[in-house]
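K.L.:
Let me give you the structure first, and then I'll get to my questions.
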Amino acid sequence: MSTRKRYAAVLVAAVLLLAGCTSDPDEPAPPPAPDLTRAPGAVAVNKGPFQAGPVKAPRRGALFGAWIKPDELTHVGRLAAVESLQADLGRSLTIVNTYRRFEQMVGTPSDKEFLARGATLMVSWATGDNRSILDGEHDDLIRKQARAIRKIRTPVLLRMRWEMDRPNLRATMWSGPDYIAAWKYVRDIFRQERANNVSWVWCPTAEGFIRGDAPGFYPGDDQVDWTCVDVYAGERFEPIGTLMGPFLTWAAQRPKPIVIGEFGVARAWGSAGRAAWLKDARRTFKVNPQIKAITYFESNPEGNGPKKQFQLTGDPPAFKEFQSMVRDPYFSP
């Protein structure tokens, strides 16, 4: 046999071997693609008006915002990130989501610049151990933050320890009752410091409602101005209405406007899948008019795989659908 024929025979054998390896009958089949063409369900249909605190809920439609991870966490970097997304979308953000550690104060130069341009800040504040808060260990820090927020005078959405229901936070959250007690404790300090420009946003995860433990962290209708949920098509590629269905059913019973604190669709699901998911999300938001604000998570967190990469910039088909969503007059009330 010639060298060329021997090479061809080896190549064919290798291909057949690989084919056999990929058809293992014990290997689970991939899940079927979700049907994103069906009409989404209308669950949270209360249109208000609502008592939403200083940040008022629009009578019709929903406010639009985002978190955009900057190249550098500096004043210039934060401004550049927001300006770049706004230029690509052809519109301004109504809400700018920003993250703060417990000791990081609101009122940075970039905060002031966003406020001067007419945006509303949604501050996602990572407060610490609930029991140490209740022991008074952080009173000075909490008062300092309350005064910093009061000083900017403009109404602010405050997500105090968002996603408090995550299992990996249980070591500092301790329990639902501990979180509720800490929430009331912090809010009382804000009241003492006359930080009256805060709308208090309670924001667990969609998964917490699927598990059933998130409602146990709810401080009560008298303590919360906006209910909220973070929802992602990350590990599971399902319609957003399915992913946050248990939350919507719960929130529909509360006399509160809803903000989608974070939402995103992962790069792992491909450009066409992401575009279809966003199109369905747009319809879902509109048929649930109790949803009064939405904020996208425009970020690819470092160290995460493709199922936790949510940035739409750089994915033209998905970004085009996103652009179409946020240019809808419904999201510019």
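K.L.:
So, LEU312, is that one open to solvent by less than 10 Å² (accessible area, probe 1.4 Å), modelled with pLDDT of 95 or more and farther than 18 Å from ALA206 by Cα or not?
P.N.:
Yes; evaluated as a whole, the condition is true for this residue.
K.L.:
Where in region 134-238 are there helices (runs of 4 or more DSSP H), lying wholly inside it, with at least 1 residues that are aliphatic (A, V, I, L, M) and under 28 Å from ARG274 (Cβ atoms)?
P.N.:
The qualifying helices (runs of 4 or more DSSP H) are 206-211.
K.L.:
Scanning for something in contact with a strand residue (DSSP E or B) (Cβ under 7 Å, 6 or more places away or on another chain), at negative phi and of a type in the set (Ser, Thr, Tyr), does region 83-93 turn up at least one residue?
P.N.:
No.
K.L.:
Which condition does ARG6 not pass, out of (1) open to solvent by 50 Å² or more (accessible area, probe 1.4 Å); (2) at pLDDT 95 or above; (3) of a type in the set (Lys, Arg), if it passes all the others?
P.N.:
(2)
K.L.:
How many residues are closer than 17 Å to PHE331 by Cβ, open to solvent by 50 Å² or more (accessible area, probe 1.4 Å) and among the polar types (S, T, N, Q) when one looks only at region 52-100?
P.N.:
Matching residues across region 52-100 total 1.
Conditions tested, residue by residue: (1) surrounded by 19 or more Cβ atoms within 10 Å (Cβ to Cβ); (2) modelled with pLDDT of 95 or more; (3) in contact with a Phe, Trp or Tyr (Cβ under 6 Å, 6 or more places away or on another chain); (4) closer than 22 Å to ILE260 by Cβ.
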{"site": "SER175", "(1), (2), (3), (4)": "no, yes, no, no"}
{"site": "PHE217", "(1), (2), (3), (4)": "yes, yes, yes, yes"}
{"site": "ALA233", "(1), (2), (3), (4)": "yes, yes, yes, yes"}
{"site": "GLU238", "(1), (2), (3), (4)": "no, yes, no, yes"}
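K.L.:
Inspect all residues belonging to region 261-270 and state whether any of them is more than 23 Å from ARG170 (Cβ to Cβ), part of a loop (DSSP other than H, G, I, E, B), within 15 Å of the chain's Cα centre (by Cα) and not hydroxyl-bearing (Ser, Thr, Tyr).
P.N.:
yes
K.L.:
Here's a follow-up. Given (1) touching a residue at least 24 places away in the same chain (Cβ under 8 Å); (2) among the polar types (S, T, N, Q); (3) open to solvent by 50 Å² or more (accessible area, probe 1.4 Å), identify the lone condition not met by ASN168.
P.N.:
Only one criterion is unmet by ASN168, namely (1).
K.L.:
I want to confirm something. Restricting to region 201-215 and keeping residues that are crowded, with 21+ Cβ neighbours inside 10 Å and among the aliphatic types (A, V, I, L, M), which single residue is farthest from PHE247 (Cα to Cα)? Walk me through how you get there before you give the answer.
P.N.:
Filtering region 201-215 down to residues crowded, with 21+ Cβ neighbours inside 10 Å leaves 201-209, 214.
Adding the requirement that they be among the aliphatic types (A, V, I, L, M) leaves 201, 206, 214.
Details: VAL201: 15, ALA206: 6, ALA214: 9 Å.
The selected residue is VAL201.
K.L.:
When you scan region 241-251, do you find a residue that is open to solvent by 20 Å² or more (accessible area, probe 1.4 Å), over 17 Å from ILE95 (Cβ atoms) and part of a loop (DSSP other than H, G, I, E, B), even just one?
P.N.:
There is no residue in region 241-251 that is open to solvent by 20 Å² or more (accessible area, probe 1.4 Å), over 17 Å from ILE95 (Cβ atoms) and part of a loop (DSSP other than H, G, I, E, B).
K.L.:
For residues that are touching a Phe, Trp or Tyr at 6+ places or on another chain (Cβ under 9 Å) and open to solvent by 10 Å² or more (accessible area, probe 1.4 Å), tally how many sit in region 110-126.
P.N.:
Keep residues of region 110-126 that are touching a Phe, Trp or Tyr at 6+ places or on another chain (Cβ under 9 Å), which gives 120-126.
From the residues that got through so far, the ones that are open to solvent by 10 Å² or more (accessible area, probe 1.4 Å) too are 120, 126.
Looking only at that region, the number is 2.
K.L.:
If I go through region 269-313 residue by residue, how many of them are within 18 Å of ALA62 (Cβ to Cβ) and of a type in the set (D, E, K, R)?
P.N.:
7
K.L.:
Shifting gears a bit: Go through region 120-136 and give me each residue that's touching a Leu at 6+ places or on another chain (Cβ under 6 Å), without any contact (Cβ under 8 Å) to a residue 60 or more places away in the chain and over 24 Å from ALA171 (Cβ atoms).
P.N.:
The answer is none; no residue qualifies.
K.L.:
Is there any pair linking a residue in region 70-88 that is free of Cβ contacts under 8 Å to residues at least 12 places away in the same chain to one that is polar (S, T, N, Q) and assigned to a loop (DSSP other than H, G, I, E, B), with Cβ under 6 Å and at least six apart or on different chains, and which?
P.N.:
Within 6 Å, the pairs are GLN86/SER92.
K.L.:
What is the number of the single condition among (1) among the small types (Gly, Ala, Ser); (2) under 18 Å from PRO40 (Cβ atoms); (3) more than 18 Å from the chain's Cα centre (by Cα); (4) open to solvent by less than 10 Å² (accessible area, probe 1.4 Å) that ALA182 does not meet?
P.N.:
Of (1) among the small types (Gly, Ala, Ser); (2) under 18 Å from PRO40 (Cβ atoms); (3) more than 18 Å from the chain's Cα centre (by Cα); (4) open to solvent by less than 10 Å² (accessible area, probe 1.4 Å), only one is false for ALA182: (2).
The values are calculated or read from the model by the stated rules, or taken from the named source; none is laboratory data. Predicted model only: the values in this text are computed from it and were never measured. Neighbour counts are summed over all protein chains in view; Cβ atoms, including those assigned to glycine, are modelled from backbone coordinates with ideal geometry. Just so you know, the surface numbers come from the protein's heavy atoms only, side chains and all, with ligands and any DNA or RNA stripped out. Shrake-Rupley method; radii C 1.70, N 1.55, O 1.52, S 1.80 Å.
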